[in-house]
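Below: one structure, written as structure tokens.
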Amino acid sequence: MEVETPSKKTIVDTHSKSKATNSGPADCHADGKKVRKFDPNAVRERPRIALVGTPNSGKTALFNLLTHSNQRVANYAGVTVDSAESDLRLESGTEASLVDLPGAYSLRPYTDDESVLADALQSNAFDGMILVVDSTQSERAIRFLIEVLDSTDLPAIVAFNMVDLAKSRGFDFDFQKLSQLLGVPVIPTVAVKRSGLSGLIKTLEETLGNQKRKKHALLPKADSTPTTRQEVAAQILSFYKLADEYLKQFMCKPGTPDYQSQKIDKYVLHPVWGALILIAVLGITFQLMFNLAQVPMDWIDVAFKWMGDSVNQMQSLPVALKSFLADGIIAGVGGTLVFLPQILILFGLILFLEDFGFMARAVFLLDHWMGKVGLHGRAFLPLLSSYACAVPGIMSLRTIESRRDRIVTALIIPLTTCSARIPVYTLLISAFVPNNPVIFGVRLQGLVMLGLYLVGTLSALAMGAVFKTFFLRGPRPPLLIELPSYKLPSVVSVVKGLVYRGKLFIRRVGTIILSLTVVIWVLVSYPSPGEGSYAAKLGHFIEPAIKPLGFDWKVGMALVPTFAAREVMVATLATVYAVGDDAAVSNTDKLSEMIQKEWSLATGLSLLVFFIFAPMCISTIAAAKRQLQSNGWTVTLVLYLFAMAYLASFITYRLAS
Amino acid sequence: MVLNSGPSEICSLGSLNPGDQAEIVALNAEHSPEDYFRRLLEIGFLVGERLEVLNEAPVSKNPVCIKIKDATYALRREEADCISVKRLR
Ligand SMILES: Nc1nc2c(ncn2[C@@H]2O[C@H](COP(=O)(O)OP(=O)(O)OP(=O)(O)O)[C@@H](O)[C@H]2O)c(=O)[nH]1
Ligand SMILES: [Mg+2]
């Protein structure tokens, strides 16, 4: 849904590592105004502070709280894949800036997202660091801190994060002791509850004043940087030895193991229970999307219908203006906005699963089966996040180590059902599929929707297998992924996430969709409305090409702008039919009635199938091109998707008519 | 003569089953990719370290979840074989 605006097109080419940090907010979720691209070479007007730490330690959660941003936070390692910078106001009123970085287990990068961190730390672009520690895994974190502190003399403070979780498991720490040992201040924090933040900012300001940290190397300096396997191993061992020694001194009491997560895993990873839970969660979500969402959707519908009717009744307005407002803007915007409740339900599920800690488990469960199609289990994470929007999904390919696998995954991501397809699917399903109860209150429309998602997913996997077997054969890199502790997502953070997603969707409707709607209204209304319009000319021009699929010129006309944004299909149809009709079609039920009358069932099904495969949305193709780094593969991507869409639609149309 | 059986038997990490606890006795770098092996060390797979196999993936029984140093990781059995362990009760 959230697609980058052109000004923010900042995705890095992941292969030239020197350039990797020279990029902008990885995240399409970034708030465009405040979060900006971090440029290590830019002249610094204010002190710049880096957030450094092991993956999943809460760096981004801290970043969001300190800078009031909305970067993506989720409970698995490798959420942040690029750097992002935003302003930070210190207590005395001094302006500083904070840079969120990907996490890493060490400064020797294993994947491209880890290189972003390693390169950033070498770039000389910072005045200080906040070192973030997950206090429930302090030994591994301290090992990393020792490595970082010994590699640079930047002033640093330690945010000893997640102390709430550590406390509930019985850990007890002596922060003063740790601060003494490391030679930097240590502040306990809870990044999700604002706890410890003021202390953190105050200490940060004091520390920044000190210019350079008096570097007392924690370990004796090696004569040369270790290169051979043995030397590297020896160095890692010495870091751990020291960390262990520190641990004995600052951890007054070790906590109990995370029995709670182990208990939950007994069910979630169980062959029978796990499958049942997954089916139940998915089933309920899709039923909610069609049944619960109907209520708020009707409200929105009624509101826009009322607006359209009011405009039509205003006698004083010129006819053209009336049509512009009612058939163009209100029909287009209302017709798209009405899908907000459904989109929020899907995002609610994704946010919950991400924050709960399910994503890494999905990788664990599916690695073997992904192996059957030649893919790495890890490839499932970008695929999953593509159900919201394919653009951040493609960006997060950076966490995959093999270039071959990155290419294959980028090629199949556009087949996953991104949320921009929801409006189109919903419209077509409500027009052509009866909502009969099937069993136990499960209704047919929700089932068909789930089916469309399945077809998208299965064809993505099938194409993955094809590419992997015939074109990009290669060994499967090893699997190594951390399964984080389950964390019950706080209602506040899920609601906040949903509000933010909602705002993004509304903004998208207010900008891209609105402007496309205006253009379409003009094309449909001039020189004369309906058959005599420019739109009709354009539609008739492409009609021969799409006739075999069962699409007439109106459908053809509506297909053209979907390459900018899929959901504009609905707005276009609303406008096309509204202009030719007396009543406003801002009401979705009305629109769905209308196409039900105008189209055959075969046309409807053919269009549904077309939307599963079509290479739509320019932002996706652009992001894929940057990830693929090859014109050849990009052309392959577009062509194979187009061929699949055309063929599948053609077959569907033939079979159904 | 001591029978090499039961608790103190030496085997590869990949051959353990859920519920097993073990102590790492040796790391054999030769057959595994350099990066991967280094990463294992970095996250704490060191000689003398205790670990526990928590789960295995349903049906395929592979990968397995291994708990070590307060963290849990998913590893494939065949790749975890570069680690030799002594099974504990
Ligand atoms: N209970 C609790 N949860 C926290 C705290 N800090 C972060 N979390 C949760 O921990 C998870 C990881 O947080 P992130 O901010 O995404 O971690 P990160 O360090 O940015 O992770 P990467 O970007 O993957 O390196 C999320 O589910 C957060 O909600 C904390 O202090 N207490
Ligand atoms: Mg992060």
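Numbers at a glance
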{"read-out": "Considering residues of segment B:72-81 that are open to solvent by 10 Å² or more (accessible area, probe 1.4 Å) and touching a Gly at 6+ places or on another chain (Cβ under 9 Å) only, the residue nearest to residue A:260 (Cα to Cα)", "value": "B:77"}
{"read-out": "Hits in segment A:399-425 - residues which are more than 14 Å from chain B (Cβ to nearest Cβ) and of a type in the set (Asp, Glu)", "value": "A:405"}
{"read-out": "Condition check for residue B:25: open to solvent by less than 30 Å² (accessible area, probe 1.4 Å), more than 7 Å from every other protein chain (Cβ to nearest Cβ) and not in a loop (DSSP other than H, G, I, E, B)", "value": "no"}
{"read-out": "Subset of segment A:67-83 (residues that are more than 7 Å from ligand 1 (Cβ to nearest atom), within 13 Å of the chain's Cα centre (by Cα) and either at pLDDT 90 or above or among the polar types (S, T, N, Q) (or both))", "value": "A:70, A:71"}
{"read-out": "Residue in segment A:285-293 that is away from chain B (no Cβ under 14 Å) and among the small types (Gly, Ala, Ser) present", "value": "yes"}
{"read-out": "Matching residues in segment A:99-120 - criterion: being more than 14 Å from chain B (Cβ to nearest Cβ) and more than 16 Å from ligand 2 (Cβ to nearest atom)", "value": "A:119"}
{"read-out": "Qualifying residue in segment A:533-547 (condition: surrounded by fewer than 17 Cβ atoms within 10 Å (Cβ to Cβ), aliphatic (A, V, I, L, M) and modelled with pLDDT under 85)", "value": "no"}
{"read-out": "Which listed residue is at pLDDT 90 or above and more than 12 Å from chain A (Cβ to nearest Cβ), from B:86, B:67", "value": "B:86"}
{"read-out": "Failed item, numbered, when residue A:245 is tested on (1) under 30 Å from residue A:148 (Cα atoms); (2) open to solvent by 80 Å² or more (accessible area, probe 1.4 Å); (3) within 14 Å of chain B (Cβ to nearest Cβ); (4) not polar (S, T, N, Q)", "value": "(3)"}
{"read-out": "Residue under evaluation residue A:444, criteria (1) within 25 Å of residue A:301 (Cα to Cα); (2) surrounded by 20 or more Cβ atoms within 10 Å (Cβ to Cβ), criterion not met", "value": "(2)"}
{"read-out": "Test result for residue A:264, open to solvent by 20 Å² or more (accessible area, probe 1.4 Å) and within 14 Å of chain B (Cβ to nearest Cβ)", "value": "yes"}
{"read-out": "Any hit, segment A:384-397, residues being at pLDDT below 85, aliphatic (A, V, I, L, M) and more than 17 Å from residue A:620 (Cα to Cα)", "value": "no"}
{"read-out": "Search result, residues across segment A:164-194 that are within 28 Å of the chain's Cα centre (by Cα) and open to solvent by 30 Å² or more (accessible area, probe 1.4 Å)", "value": "A:164, A:165, A:192, A:193, A:194"}
{"read-out": "Residue, farthest from the other protein chains (Cβ to nearest Cβ), within segment B:28-62, restricted to residues that are farther than 13 Å from residue B:82 by Cα and among the β-branched types (Val, Ile, Thr)", "value": "B:53"}
{"read-out": "Residue A:154, sole failed condition from (1) surrounded by 13 or more Cβ atoms within 10 Å (Cβ to Cβ); (2) part of a loop (DSSP other than H, G, I, E, B); (3) more than 34 Å from the chain's Cα centre (by Cα); (4) at pLDDT 85 or above", "value": "(3)"}
{"read-out": "Candidates A:488, A:454, A:516, A:450, filtered to the one that is within 30 Å of residue A:259 (Cα to Cα), open to solvent by 30 Å² or more (accessible area, probe 1.4 Å) and out of contact with any Lys or Arg (no Cβ under 9 Å at 6 or more places or on another chain)", "value": "A:488"}
{"read-out": "Answer residue from segment A:122-145, given it is away from ligand 2 (no atom under 16 Å from the Cβ) and away from chain B (no Cβ under 12 Å) and is most open to solvent (accessible area, probe 1.4 Å) among those", "value": "A:122"}
{"read-out": "One residue from B:6, B:48, B:14 being modelled with pLDDT of 90 or more and on the phi > 0 side of the Ramachandran plot", "value": "B:48"}
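The values are calculated or read from the model by the stated rules, or taken from the named source; none is laboratory data. Note that the structure is a prediction, hence the values are computed from the model and not measured. Positions of Cβ are backbone-derived with ideal geometry, glycine not excepted, and every protein chain shown enters the neighbour counts. Keep in mind that these areas ignore ligands, DNA and RNA; they rest on the heavy atoms of the full protein, side chains included. Shrake-Rupley method; radii C 1.70, N 1.55, O 1.52, S 1.80 Å.
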